[in-house]
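I have placed the structure first, in the form of structure tokens, so that the comments after it can refer back to it.
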Amino acid sequence: MGFGDVIAFAALMGALIAMVGIVSGAYKRRLDFQQRKLELLAGKETQHAKQLEVHCAELEQRLRVLERIVTDAESKSLIAMQIEALRDSDAQEVVTQ
């Protein structure tokens, strides 16, 4: 093995090290991109879950009102007024959204 062979081997090893560095850098950027994408998706899902939680609470409140209306032994006119009040609140919610 002569001096030329040693230089060629050193150049080959340097090229391999450089290639490994380039590939690992690209892989790291890809992983960083995927992590950022997942973070954004998780933020979106968290926001959606909060919206569903608020909607569920509103529905529970409306259900309680309806249960109270049905179980009350009051006059029919009072029940009709309460139902109309619910319809009015729905109309207001649609306008505000």
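Laboratory data are not the source of any read-out in this text; all were calculated from the coordinates shown. A quick note: this is a predicted structure, and the numbers were derived from the prediction, not measured. Here the Cβ is made from the backbone with ideal geometry for all residues, glycine too, and neighbour counts use every protein chain on show.
List of remarks:
- Of the residues LEU31, ILE79, LEU52, the one whose Cα sits farthest towards the positive end of the charge dipole of the chain is LEU31 (charges of +1 on Lys and Arg Cβ, -1 on Asp and Glu Cβ, taken about the Cα centre).
- GNM flexibility winner over the chain from GLY25, GLY14, GLY43 (Cα, springs under 10 Å): GLY14
- Compared with the direct C-alpha span, the chain from GLU53 to GLU39 gains 2.9 nm at full extension, assuming 0.36 nm per residue.
- Stretchable slack from GLN61 to ALA10, in nm (0.36 nm times residue separation minus alpha-carbon distance): 10.8 nm
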